[in-house]
Protein chains: 2
Amino acid sequence: MSQSDVEQMKRPLRRDARESRDKLIAAARAEFADHGVDASLEKIARGAGVAIGTLYRHFPTRMDLLIAALEPRLQEFVEGADTAMQMDDPWAAFVAYLDNLFAVQAGDRGFNDFLSRRFPGNAETEHIHDVMCQQIEDVLTRAQEAGKARPDITRADIVNLIWSNGRIIDATSTKAPTAWRRQLHLMLDAYRAERAHAIPEPPMTDEQLYDAMVHLSKAK
Amino acid sequence: MSQSDVEQMKRPLRRDARESRDKLIAAARAEFADHGVDASLEKIARGAGVAIGTLYRHFPTRMDLLIAALEPRLQEFVEGADTAMQMDDPWAAFVAYLDNLFAVQAGDRGFNDFLSRRFPGNAETEHIHDVMCQQIEDVLTRAQEAGKARPDITRADIVNLIWSNGRIIDATSTKAPTAWRRQLHLMLDAYRAERAHAIPEPPMTDEQLYDAMVHLSKAK
DNA sequence: GCTTAACCGGAGGGGTGCCTCAGTTTATTC
DNA sequence: GAATAAACTGAGGCACCCCTCCGGTTAAGC
(Lines give C-alpha, C1' and ligand atoms only; values in the text may rest on other atoms or scores of the structure.)
Protein backbone atom coordinates (compact mmCIF):
# COMPACT_ATOMS: atom_id res chain seq x y z
CA MET A 1 0.00 0.00 0.00
CA SER A 2 1.58 3.24 -1.12
CA GLN A 3 1.66 6.50 0.75
CA SER A 4 -0.81 8.14 -1.61
CA ASP A 5 -3.32 5.39 -0.91
CA VAL A 6 -3.04 6.06 2.78
CA GLU A 7 -3.57 9.74 2.26
CA GLN A 8 -6.61 9.21 0.12
CA MET A 9 -8.17 7.15 2.87
CA LYS A 10 -7.76 9.95 5.36
CA ARG A 11 -9.15 12.88 3.47
CA PRO A 12 -8.77 14.54 0.10
CA LEU A 13 -5.99 17.11 0.00
CA ARG A 14 -6.87 20.75 -0.18
CA ARG A 15 -6.56 22.12 -3.69
CA ASP A 16 -3.41 24.15 -3.06
CA ALA A 17 -1.83 21.23 -1.30
CA ARG A 18 -2.62 18.92 -4.18
CA GLU A 19 -1.00 21.40 -6.56
CA SER A 20 2.08 21.81 -4.44
CA ARG A 21 2.44 18.09 -4.19
CA ASP A 22 2.13 17.61 -7.93
CA LYS A 23 4.63 20.34 -8.66
CA LEU A 24 7.06 18.85 -6.18
CA ILE A 25 6.82 15.42 -7.70
CA ALA A 26 7.34 16.80 -11.18
CA ALA A 27 10.38 18.78 -10.06
CA ALA A 28 11.73 15.81 -8.14
CA ARG A 29 11.41 13.55 -11.15
CA ALA A 30 13.50 15.92 -13.22
CA GLU A 31 16.08 16.54 -10.53
CA PHE A 32 16.53 12.94 -9.42
CA ALA A 33 16.67 11.80 -13.02
CA ASP A 34 19.47 14.27 -13.75
CA HIS A 35 21.46 14.16 -10.55
CA GLY A 36 20.68 10.88 -8.86
CA VAL A 37 19.13 10.15 -5.50
CA ASP A 38 21.41 12.61 -3.71
CA ALA A 39 19.99 15.58 -5.59
CA SER A 40 19.47 18.72 -3.53
CA LEU A 41 16.03 18.94 -1.93
CA GLU A 42 16.25 22.72 -1.82
CA LYS A 43 16.81 22.75 -5.55
CA ILE A 44 13.79 20.53 -6.06
CA ALA A 45 11.67 22.92 -4.00
CA ARG A 46 12.96 25.84 -6.04
CA GLY A 47 12.24 23.94 -9.22
CA ALA A 48 8.71 23.34 -8.05
CA GLY A 49 8.24 27.00 -7.21
CA VAL A 50 7.48 26.10 -3.63
CA ALA A 51 9.21 26.78 -0.32
CA ILE A 52 11.43 24.22 1.30
CA GLY A 53 9.05 23.92 4.23
CA THR A 54 6.31 22.83 1.89
CA LEU A 55 8.49 20.10 0.51
CA TYR A 56 9.08 18.76 3.99
CA ARG A 57 5.41 19.02 4.81
CA HIS A 58 4.52 16.71 1.94
CA PHE A 59 7.56 14.47 2.07
CA PRO A 60 9.09 14.27 5.52
CA THR A 61 12.04 12.21 4.29
CA ARG A 62 14.03 12.06 1.10
CA MET A 63 12.88 8.50 0.57
CA ASP A 64 9.22 9.52 0.61
CA LEU A 65 9.86 11.93 -2.21
CA LEU A 66 12.10 9.55 -4.08
CA ILE A 67 9.54 6.77 -4.06
CA ALA A 68 6.89 9.10 -5.41
CA ALA A 69 9.28 10.36 -8.07
CA LEU A 70 10.39 6.93 -9.22
CA GLU A 71 6.90 5.53 -9.53
CA PRO A 72 6.62 5.77 -13.34
CA ARG A 73 10.07 4.25 -13.73
CA LEU A 74 9.11 1.34 -11.54
CA GLN A 75 5.93 0.92 -13.54
CA GLU A 76 7.90 0.91 -16.73
CA PHE A 77 10.32 -1.63 -15.35
CA VAL A 78 7.62 -3.95 -14.02
CA GLU A 79 5.82 -4.06 -17.35
CA GLY A 80 8.96 -4.91 -19.26
CA ALA A 81 9.97 -7.46 -16.68
CA ASP A 82 6.61 -9.22 -16.86
CA THR A 83 6.79 -9.37 -20.63
CA ALA A 84 10.30 -10.80 -20.48
CA MET A 85 9.44 -13.43 -17.91
CA GLN A 86 6.54 -14.71 -19.97
CA MET A 87 8.74 -15.51 -22.93
CA ASP A 88 8.92 -19.14 -23.94
CA ASP A 89 12.63 -19.38 -24.60
CA PRO A 90 14.55 -19.28 -21.32
CA TRP A 91 17.62 -17.58 -22.75
CA ALA A 92 15.54 -15.01 -24.58
CA ALA A 93 13.68 -14.31 -21.36
CA PHE A 94 16.94 -13.83 -19.50
CA VAL A 95 18.26 -11.45 -22.13
CA ALA A 96 15.02 -9.53 -22.36
CA TYR A 97 14.81 -9.16 -18.62
CA LEU A 98 18.25 -7.62 -18.40
CA ASP A 99 17.80 -5.47 -21.46
CA ASN A 100 14.61 -4.03 -20.07
CA LEU A 101 16.11 -3.41 -16.66
CA PHE A 102 19.14 -1.68 -18.09
CA ALA A 103 17.16 0.40 -20.53
CA VAL A 104 15.11 1.85 -17.68
CA GLN A 105 18.27 2.27 -15.64
CA ALA A 106 19.89 4.17 -18.49
CA GLY A 107 17.09 6.69 -18.68
CA ASP A 108 17.08 7.88 -15.08
CA ARG A 109 20.01 8.47 -12.75
CA GLY A 110 17.72 8.31 -9.77
CA PHE A 111 16.54 4.87 -10.73
CA ASN A 112 20.09 3.94 -11.54
CA ASP A 113 21.23 4.87 -8.04
CA PHE A 114 18.21 3.26 -6.52
CA LEU A 115 19.03 -0.08 -8.12
CA SER A 116 22.47 -0.26 -6.54
CA ARG A 117 21.51 0.73 -3.06
CA ARG A 118 19.43 -0.73 -0.30
CA PHE A 119 17.87 1.31 2.45
CA PRO A 120 17.51 -1.02 5.42
CA GLY A 121 14.99 1.12 7.27
CA ASN A 122 12.47 1.35 4.47
CA ALA A 123 10.06 -1.56 4.09
CA GLU A 124 8.69 -0.38 0.76
CA THR A 125 12.01 -0.17 -1.05
CA GLU A 126 13.29 -3.32 0.60
CA HIS A 127 10.32 -5.14 -0.80
CA ILE A 128 10.98 -3.87 -4.30
CA HIS A 129 14.56 -5.04 -4.09
CA ASP A 130 13.52 -8.42 -2.74
CA VAL A 131 11.11 -8.93 -5.59
CA MET A 132 13.70 -7.98 -8.17
CA CYS A 133 16.22 -10.28 -6.59
CA GLN A 134 13.76 -13.14 -6.78
CA GLN A 135 12.95 -12.40 -10.41
CA ILE A 136 16.61 -12.43 -11.29
CA GLU A 137 16.99 -15.70 -9.51
CA ASP A 138 14.05 -17.15 -11.43
CA VAL A 139 15.02 -15.97 -14.85
CA LEU A 140 18.62 -17.03 -14.33
CA THR A 141 17.77 -20.47 -12.95
CA ARG A 142 15.45 -21.11 -15.86
CA ALA A 143 18.19 -20.29 -18.35
CA GLN A 144 20.59 -22.49 -16.44
CA GLU A 145 18.20 -25.43 -16.30
CA ALA A 146 17.70 -25.16 -20.03
CA GLY A 147 21.46 -25.48 -20.39
CA LYS A 148 21.80 -22.04 -21.92
CA ALA A 149 23.38 -20.13 -19.05
CA ARG A 150 26.47 -21.48 -17.35
CA PRO A 151 25.64 -23.17 -14.06
CA ASP A 152 28.37 -21.51 -12.01
CA ILE A 153 26.91 -18.03 -11.84
CA THR A 154 24.50 -16.71 -9.25
CA ARG A 155 22.33 -13.69 -8.72
CA ALA A 156 25.30 -12.01 -7.10
CA ASP A 157 26.97 -11.97 -10.50
CA ILE A 158 23.94 -10.33 -12.02
CA VAL A 159 23.99 -7.69 -9.32
CA ASN A 160 27.63 -7.10 -10.17
CA LEU A 161 26.50 -6.52 -13.70
CA ILE A 162 23.85 -4.07 -12.54
CA TRP A 163 26.49 -2.12 -10.65
CA SER A 164 28.78 -2.20 -13.65
CA ASN A 165 26.09 -1.04 -15.93
CA GLY A 166 25.20 1.77 -13.56
CA ARG A 167 28.71 3.08 -13.66
CA ILE A 168 28.92 2.89 -17.42
CA ILE A 169 25.66 4.77 -17.67
CA ASP A 170 26.93 7.45 -15.31
CA ALA A 171 29.92 7.94 -17.55
CA THR A 172 28.31 7.72 -20.95
CA SER A 173 24.73 8.86 -20.68
CA THR A 174 25.36 12.29 -22.17
CA LYS A 175 27.77 11.44 -24.97
CA ALA A 176 27.11 7.80 -25.84
CA PRO A 177 23.68 6.98 -24.47
CA THR A 178 23.51 3.44 -25.84
CA ALA A 179 27.04 2.38 -24.97
CA TRP A 180 25.81 0.29 -22.04
CA ARG A 181 24.16 -2.16 -24.42
CA ARG A 182 27.54 -3.19 -25.76
CA GLN A 183 28.82 -4.13 -22.38
CA LEU A 184 25.65 -6.07 -21.69
CA HIS A 185 26.04 -8.15 -24.81
CA LEU A 186 29.68 -8.83 -24.10
CA MET A 187 28.66 -10.02 -20.69
CA LEU A 188 25.97 -12.22 -22.15
CA ASP A 189 28.70 -13.96 -24.08
CA ALA A 190 30.41 -14.56 -20.76
CA TYR A 191 27.23 -16.01 -19.32
CA ARG A 192 26.67 -18.49 -22.12
CA ALA A 193 27.12 -22.07 -21.04
CA GLU A 194 29.02 -23.14 -24.10
CA ARG A 195 31.84 -20.65 -23.63
CA ALA A 196 32.38 -21.05 -19.93
CA HIS A 197 35.78 -21.34 -18.32
CA ALA A 198 36.32 -21.92 -14.62
CA ILE A 199 36.19 -18.81 -12.43
CA PRO A 200 38.92 -18.57 -9.77
CA GLU A 201 36.77 -16.77 -7.24
CA PRO A 202 33.50 -17.78 -5.59
CA PRO A 203 30.37 -15.68 -5.95
CA MET A 204 29.47 -13.33 -3.13
CA THR A 205 27.19 -14.68 -0.46
CA ASP A 206 23.79 -13.10 -0.02
CA GLU A 207 25.06 -11.36 3.06
CA GLN A 208 28.05 -9.86 1.30
CA LEU A 209 25.75 -8.71 -1.45
CA TYR A 210 23.35 -7.07 0.93
CA ASP A 211 26.09 -5.36 2.86
CA ALA A 212 27.61 -4.04 -0.33
CA MET A 213 24.36 -2.46 -1.39
CA VAL A 214 23.88 -0.87 1.99
CA HIS A 215 27.45 0.35 1.81
CA LEU A 216 26.79 2.11 -1.48
CA SER A 217 23.86 3.93 0.07
CA LYS A 218 25.96 5.38 2.85
CA ALA A 219 27.23 8.88 2.50
CA LYS A 220 30.88 8.85 1.59
CA MET B 1 59.52 16.20 -14.47
CA SER B 2 57.57 16.10 -11.25
CA GLN B 3 56.81 18.95 -8.94
CA SER B 4 59.22 17.75 -6.30
CA ASP B 5 62.03 17.83 -8.85
CA VAL B 6 61.24 21.42 -9.61
CA GLU B 7 61.28 22.31 -5.95
CA GLN B 8 64.60 20.64 -5.38
CA MET B 9 66.13 22.68 -8.18
CA LYS B 10 65.03 25.90 -6.57
CA ARG B 11 66.24 25.46 -3.01
CA PRO B 12 66.01 22.90 -0.24
CA LEU B 13 62.92 23.27 1.87
CA ARG B 14 63.26 24.54 5.38
CA ARG B 15 63.16 21.72 7.90
CA ASP B 16 59.71 22.50 9.28
CA ALA B 17 58.39 22.85 5.78
CA ARG B 18 59.78 19.48 4.78
CA GLU B 19 58.11 17.92 7.81
CA SER B 20 54.78 19.54 7.12
CA ARG B 21 54.93 18.38 3.55
CA ASP B 22 55.70 14.80 4.55
CA LYS B 23 52.93 14.73 7.11
CA LEU B 24 50.49 16.12 4.59
CA ILE B 25 51.35 13.50 2.02
CA ALA B 26 51.01 10.72 4.56
CA ALA B 27 47.61 12.01 5.67
CA ALA B 28 46.52 12.51 2.09
CA ARG B 29 47.44 8.96 1.18
CA ALA B 30 45.26 7.61 3.95
CA GLU B 31 42.38 9.92 3.26
CA PHE B 32 42.31 9.58 -0.52
CA ALA B 33 42.69 5.82 -0.20
CA ASP B 34 39.69 5.63 2.08
CA HIS B 35 37.40 8.25 0.59
CA GLY B 36 38.44 8.75 -3.01
CA VAL B 37 39.74 11.82 -4.79
CA ASP B 38 36.96 14.01 -3.42
CA ALA B 39 38.12 13.57 0.16
CA SER B 40 37.99 16.66 2.34
CA LEU B 41 41.17 18.72 2.26
CA GLU B 42 40.42 20.15 5.68
CA LYS B 43 40.25 16.65 7.06
CA ILE B 44 43.59 15.84 5.47
CA ALA B 45 45.12 18.92 7.09
CA ARG B 46 43.67 17.90 10.45
CA GLY B 47 44.98 14.38 9.95
CA ALA B 48 48.41 15.80 9.28
CA GLY B 49 48.23 17.97 12.39
CA VAL B 50 48.73 21.06 10.30
CA ALA B 51 46.61 24.11 9.53
CA ILE B 52 44.62 24.30 6.33
CA GLY B 53 46.70 27.24 5.16
CA THR B 54 49.80 25.09 5.28
CA LEU B 55 48.17 22.52 3.09
CA TYR B 56 47.42 25.16 0.49
CA ARG B 57 50.92 26.56 0.76
CA HIS B 58 52.41 23.22 -0.23
CA PHE B 59 49.74 22.05 -2.60
CA PRO B 60 47.89 24.93 -4.23
CA THR B 61 45.41 22.61 -5.92
CA ARG B 62 43.82 19.31 -5.05
CA MET B 63 45.51 17.72 -8.03
CA ASP B 64 48.96 18.66 -6.77
CA LEU B 65 48.29 16.83 -3.54
CA LEU B 66 46.60 13.92 -5.24
CA ILE B 67 49.51 13.32 -7.56
CA ALA B 68 51.93 13.30 -4.67
CA ALA B 69 49.68 10.95 -2.73
CA LEU B 70 49.17 8.48 -5.57
CA GLU B 71 52.83 8.19 -6.42
CA PRO B 72 53.46 4.81 -4.74
CA ARG B 73 50.32 3.41 -6.30
CA LEU B 74 51.45 4.51 -9.72
CA GLN B 75 54.83 2.97 -9.07
CA GLU B 76 53.21 -0.27 -8.05
CA PHE B 77 51.03 -0.26 -11.13
CA VAL B 78 53.88 0.50 -13.52
CA GLU B 79 55.99 -2.35 -12.21
CA GLY B 80 53.19 -4.86 -12.57
CA ALA B 81 52.31 -3.54 -15.99
CA ASP B 82 55.86 -3.88 -17.23
CA THR B 83 56.08 -7.43 -15.97
CA ALA B 84 52.80 -8.30 -17.66
CA MET B 85 53.77 -6.77 -20.97
CA GLN B 86 56.98 -8.72 -21.12
CA MET B 87 55.22 -12.07 -20.94
CA ASP B 88 55.62 -14.30 -23.94
CA ASP B 89 52.08 -15.53 -24.23
CA PRO B 90 49.86 -12.75 -25.57
CA TRP B 91 46.74 -13.88 -23.77
CA ALA B 92 48.60 -14.35 -20.49
CA ALA B 93 50.03 -10.86 -20.88
CA PHE B 94 46.59 -9.44 -21.46
CA VAL B 95 45.18 -11.19 -18.40
CA ALA B 96 48.16 -10.25 -16.24
CA TYR B 97 47.95 -6.62 -17.29
CA LEU B 98 44.32 -6.37 -16.27
CA ASP B 99 44.76 -8.36 -13.09
CA ASN B 100 47.58 -6.08 -11.98
CA LEU B 101 45.69 -2.94 -12.83
CA PHE B 102 42.60 -4.07 -10.98
CA ALA B 103 44.50 -5.29 -7.96
CA VAL B 104 46.03 -1.85 -7.51
CA GLN B 105 42.69 -0.27 -8.18
CA ALA B 106 41.09 -2.43 -5.52
CA GLY B 107 43.52 -1.29 -2.87
CA ASP B 108 43.02 2.45 -3.11
CA ARG B 109 39.84 4.39 -3.68
CA GLY B 110 41.82 7.41 -4.76
CA PHE B 111 43.55 5.45 -7.47
CA ASN B 112 40.25 3.86 -8.36
CA ASP B 113 38.65 7.25 -8.91
CA PHE B 114 41.71 8.52 -10.67
CA LEU B 115 41.51 5.72 -13.23
CA SER B 116 38.01 6.63 -14.32
CA ARG B 117 38.48 10.32 -14.61
CA ARG B 118 40.46 12.65 -16.81
CA PHE B 119 41.42 16.15 -15.81
CA PRO B 120 41.82 18.09 -19.04
CA GLY B 121 43.81 20.93 -17.52
CA ASN B 122 46.55 18.79 -16.05
CA ALA B 123 49.38 17.74 -18.35
CA GLU B 124 50.88 15.28 -15.89
CA THR B 125 47.76 13.22 -15.32
CA GLU B 126 46.78 13.42 -18.96
CA HIS B 127 50.10 11.89 -19.83
CA ILE B 128 49.61 9.02 -17.41
CA HIS B 129 46.24 8.29 -18.91
CA ASP B 130 47.59 8.45 -22.42
CA VAL B 131 50.33 5.96 -21.60
CA MET B 132 47.88 3.58 -20.00
CA CYS B 133 45.56 3.87 -22.95
CA GLN B 134 48.40 2.99 -25.30
CA GLN B 135 49.44 0.04 -23.17
CA ILE B 136 45.91 -1.31 -23.20
CA GLU B 137 45.82 -0.89 -26.95
CA ASP B 138 49.12 -2.78 -27.29
CA VAL B 139 48.31 -5.64 -25.01
CA LEU B 140 44.87 -6.06 -26.52
CA THR B 141 46.06 -5.89 -30.11
CA ARG B 142 48.69 -8.47 -29.41
CA ALA B 143 46.13 -10.87 -27.95
CA GLN B 144 43.89 -10.24 -30.93
CA GLU B 145 46.64 -10.84 -33.48
CA ALA B 146 47.44 -14.11 -31.76
CA GLY B 147 43.83 -15.11 -32.28
CA LYS B 148 43.14 -15.31 -28.57
CA ALA B 149 41.04 -12.19 -28.05
CA ARG B 150 38.02 -11.55 -30.22
CA PRO B 151 38.77 -9.02 -32.92
CA ASP B 152 35.65 -6.91 -32.44
CA ILE B 153 36.59 -5.30 -29.16
CA THR B 154 38.54 -2.09 -28.68
CA ARG B 155 40.22 -0.21 -25.90
CA ALA B 156 36.89 1.48 -25.23
CA ASP B 157 35.58 -1.87 -24.07
CA ILE B 158 38.48 -2.26 -21.70
CA VAL B 159 37.81 1.17 -20.29
CA ASN B 160 34.22 0.09 -19.75
CA LEU B 161 35.59 -2.80 -17.78
CA ILE B 162 37.75 -0.47 -15.72
CA TRP B 163 34.70 1.61 -14.88
CA SER B 164 32.74 -1.51 -14.05
CA ASN B 165 35.46 -2.81 -11.86
CA GLY B 166 35.71 0.50 -10.09
CA ARG B 167 32.08 0.39 -9.17
CA ILE B 168 32.25 -3.18 -7.97
CA ILE B 169 35.22 -2.28 -5.80
CA ASP B 170 33.37 0.69 -4.34
CA ALA B 171 30.56 -1.63 -3.36
CA THR B 172 32.50 -4.61 -2.13
CA SER B 173 35.87 -3.47 -0.82
CA THR B 174 34.90 -3.68 2.83
CA LYS B 175 32.91 -6.90 2.87
CA ALA B 176 34.15 -8.93 -0.10
CA PRO B 177 37.52 -7.49 -1.05
CA THR B 178 38.30 -10.00 -3.79
CA ALA B 179 34.89 -10.07 -5.41
CA TRP B 180 36.12 -7.93 -8.32
CA ARG B 181 38.30 -10.80 -9.54
CA ARG B 182 35.25 -12.89 -10.29
CA GLN B 183 33.77 -10.27 -12.54
CA LEU B 184 37.11 -9.88 -14.30
CA HIS B 185 37.31 -13.57 -15.09
CA LEU B 186 33.76 -13.65 -16.30
CA MET B 187 34.60 -10.77 -18.58
CA LEU B 188 37.69 -12.55 -19.82
CA ASP B 189 35.39 -15.33 -20.96
CA ALA B 190 33.50 -12.72 -22.91
CA TYR B 191 36.70 -11.46 -24.50
CA ARG B 192 37.85 -14.84 -25.73
CA ALA B 193 37.89 -15.22 -29.48
CA GLU B 194 36.43 -18.70 -29.67
CA ARG B 195 32.71 -18.78 -30.40
CA ALA B 196 32.18 -15.08 -29.90
CA HIS B 197 28.73 -13.77 -30.71
CA ALA B 198 28.14 -10.53 -32.60
CA ILE B 199 27.65 -7.40 -30.50
CA PRO B 200 24.68 -5.26 -31.56
CA GLU B 201 26.30 -1.96 -30.64
CA PRO B 202 29.49 -0.34 -31.90
CA PRO B 203 32.33 0.51 -29.53
CA MET B 204 32.61 4.07 -28.31
CA THR B 205 34.78 6.39 -30.34
CA ASP B 206 37.88 7.85 -28.73
CA GLU B 207 36.09 11.14 -28.40
CA GLN B 208 33.11 9.61 -26.64
CA LEU B 209 35.47 7.82 -24.34
CA TYR B 210 37.38 10.95 -23.48
CA ASP B 211 34.25 12.96 -22.88
CA ALA B 212 32.87 10.27 -20.63
CA MET B 213 35.97 10.32 -18.45
CA VAL B 214 35.89 14.08 -18.20
CA HIS B 215 32.22 13.84 -17.36
CA LEU B 216 32.93 11.54 -14.43
CA SER B 217 35.40 14.04 -13.06
CA LYS B 218 32.85 16.85 -13.00
CA ALA B 219 31.09 17.60 -9.77
CA LYS B 220 27.68 15.99 -9.74
C1' DG C 1 -19.02 35.88 4.83
C1' DC C 2 -17.04 33.67 8.89
C1' DT C 3 -14.41 30.20 11.03
C1' DT C 4 -10.83 27.29 11.32
C1' DA C 5 -7.92 23.60 10.30
C1' DA C 6 -4.81 22.99 6.82
C1' DC C 7 -1.31 24.85 4.36
C1' DC C 8 2.60 27.81 2.99
C1' DG C 9 6.78 30.70 3.26
C1' DG C 10 11.19 31.53 4.47
C1' DA C 11 14.27 33.00 8.05
C1' DG C 12 17.44 30.80 10.84
C1' DG C 13 20.43 27.40 13.28
C1' DG C 14 23.64 23.84 12.42
C1' DG C 15 26.75 21.49 9.51
C1' DT C 16 30.47 20.85 5.80
C1' DG C 17 33.71 22.29 2.56
C1' DC C 18 36.73 25.52 -0.27
C1' DC C 19 40.07 28.94 -0.23
C1' DT C 20 42.45 33.48 1.29
C1' DC C 21 45.08 36.54 3.90
C1' DA C 22 47.00 39.22 7.69
C1' DG C 23 49.36 38.55 11.64
C1' DT C 24 52.65 35.57 14.11
C1' DT C 25 56.34 32.23 14.60
C1' DT C 26 60.61 29.99 13.25
C1' DA C 27 64.67 28.11 10.75
C1' DT C 28 68.54 29.79 8.78
C1' DT C 29 72.27 32.88 7.80
C1' DC C 30 75.80 36.04 8.94
C1' DG D 1 72.19 36.69 18.80
C1' DA D 2 70.12 39.70 15.40
C1' DA D 3 68.07 40.04 10.87
C1' DT D 4 65.11 38.20 7.54
C1' DA D 5 62.84 35.41 4.40
C1' DA D 6 60.18 31.43 4.74
C1' DA D 7 56.65 29.06 6.81
C1' DC D 8 52.64 28.52 9.78
C1' DT D 9 48.11 29.57 11.80
C1' DG D 10 43.29 29.91 11.90
C1' DA D 11 39.63 33.15 11.67
C1' DG D 12 36.54 34.49 8.25
C1' DG D 13 34.07 35.01 3.80
C1' DC D 14 31.50 32.37 0.67
C1' DA D 15 28.65 28.71 -0.97
C1' DC D 16 26.10 24.74 -0.30
C1' DC D 17 22.98 21.68 2.12
C1' DC D 18 19.69 19.77 5.76
C1' DC D 19 15.80 20.44 8.53
C1' DT D 20 12.65 23.06 11.93
C1' DC D 21 9.49 26.27 13.46
C1' DC D 22 6.15 29.78 13.67
C1' DG D 23 3.65 33.66 11.93
C1' DG D 24 0.90 34.66 8.03
C1' DT D 25 -2.33 32.87 4.37
C1' DT D 26 -6.08 30.34 2.28
C1' DA D 27 -9.35 26.75 0.89
C1' DA D 28 -13.37 24.49 2.43
C1' DG D 29 -17.47 23.88 5.15
C1' DC D 30 -21.19 26.02 7.55
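Relative contact order for the range A:3-60: what percent, with Cα pairs under 8 Å and sequence separation of 6 or more?
The normalised contact order for the range A:3-60 reaches 32 percent.
Quick check: net charge around residue A:210, other residues with Cβ under 12 Å of its Cβ, Lys/Arg +1 and Asp/Glu -1?
Residues close to residue A:210 contribute a combined charge of -1.
Relative to the other copies, what are the label-point distances for residue A:124, with labels 7 Å from Cα along the C-beta vector, expressed in nm at one decimal and sorted shortest first?
Nearest to farthest, the other copies are at 4.9 nm.
Explain nothing, just the number: relative contact order of chain B, from Cα pairs under 8 Å at least 6 residues apart, as a whole percent.
This gives 19 percent for chain B.
How much accessible area per residue does chain A have, in Å², with a 1.4 Å probe?
With the other protein chains kept in place, chain A gives 46 Å² per residue.
Averaged across the residues of B:27-35, what count of C-beta atoms belonging to other chains lies within 10 Å of each residue's C-beta? Provide the component values of the computation, followed by the final result.
On the way: counts 0, 0, 0, 0, 0, 0, 0, 1, 1.
Mean shielding count: 0.
Using a 1.4 Å probe on the protein heavy atoms, what percent of the accessible area of the range B:71-217 belongs to carbon and sulfur?
Using a 1.4 Å probe with all protein chains present, the range B:71-217 comes out at 52 percent carbon and sulfur.
In nm, one decimal, shortest first: how far is the label point of residue B:16 (7 Å from Cα along Cα to beta carbon) from the matching points in the other copies?
Label-point separations across copies, in nm and ascending: 6.2.
Please identify, among B:142, B:155, B:57, the residue showing maximal mean-square fluctuation in a Gaussian network model of chain B using a 10 angstrom Cα cutoff.
B:57
Quick one: dipole size for the range B:35-131, taken about the Cα centre, charges +1 on Lys/Arg Cβ and -1 on Asp/Glu Cβ, in debye to the nearest 20.
Here the range B:35-131 has a charge dipole of around 680 debye.
Given the options B:93, B:51, B:69, state which has the largest fluctuation in a GNM of chain B using a 10 Å cut-off (strictly under) for Cα springs.
B:51
Put +1 on the Cβ of each Lys and Arg and -1 on the Cβ of each Asp and Glu in the protein assembly as shown; which of B:50, A:102, B:78 then has its Cα farthest toward the positive end of the dipole?
Farthest along the dipole direction, towards plus: B:50.
What accessible area, in Å² to the nearest ten, does a 1.4 Å probe give for residue B:218?
Counting only protein heavy atoms, the figure is 130 Å².
With a point put 7 Å past each Cα toward its Cβ, work out how far residue A:13 is from residue A:51 in nm, to one decimal.
Distance between label points: 1.8 nm.
So what's the net charge close to residue B:172: Lys and Arg +1, Asp and Glu -1, counting the other residues with Cβ under 11 Å from its Cβ?
+2
Which residue fluctuates the most in chain A, going by a Gaussian network model with Cα springs under 10 Å, if the choices are A:174, A:54, A:154?
Comparing A:174, A:54, A:154 in a Gaussian network model of chain A, the most mobile one is A:174.
What shape does the range B:71-217 have by the C-alpha gyration tensor, where a ≥ b ≥ c are the square roots of the eigenvalues, rounded means a/c under 1.5, and otherwise prolate means a/b greater than b/c and oblate the rest?
Verdict is rounded for the range B:71-217.
Below 12 Å, Cα to Cα, which aspartates and glutamates can residue B:148 reach? Residues fewer than 8 away in the same chain don't count.
Of all the aspartates and glutamates, those that pass the test against residue B:148 - Cα under 12 Å, at least 8 places apart if same chain - are B:89, B:189, B:194.
How far apart are the residue A:56 label points across copies, placing each 7 Å from Cα toward Cβ, in nm, shortest first?
Residue A:56 label point versus its equivalents elsewhere: 3.2 nm.
Among rounded, prolate and oblate, which fits the protein assembly as shown when a ≥ b ≥ c are the square roots of the eigenvalues of its C-alpha gyration tensor, a/c under 1.5 means rounded, and a/b larger than b/c means prolate? Before the final figure, lay out each step's value.
Working: a/c = 2.15, a/b = 1.14, b/c = 1.88.
It is oblate, given that a/c is not under 1.5 and a/b is not larger than b/c.
As a test of the formula, what do you get for the protein assembly as shown when each DSSP H run with n ≥ 4 contributes -39,500 (n - 2.57) and the sum is divided by the residue count, at 222 nm and rounded to the nearest 500 deg cm²/dmol?
Helix contribution divided over all residues of the protein assembly as shown: -23500 deg cm²/dmol.
The values are calculated or read from the model by the stated rules, or taken from the named source; none is laboratory data. Predicted model, so just to flag it, every value in this text is computed and none were measured. Backbone-built Cβ (ideal geometry, glycine too); neighbour counts: all protein chains shown. Ligands, DNA and RNA are excluded from the accessible area calculation, which covers all protein heavy atoms including side chains. Shrake-Rupley method; radii C 1.70, N 1.55, O 1.52, S 1.80 Å.
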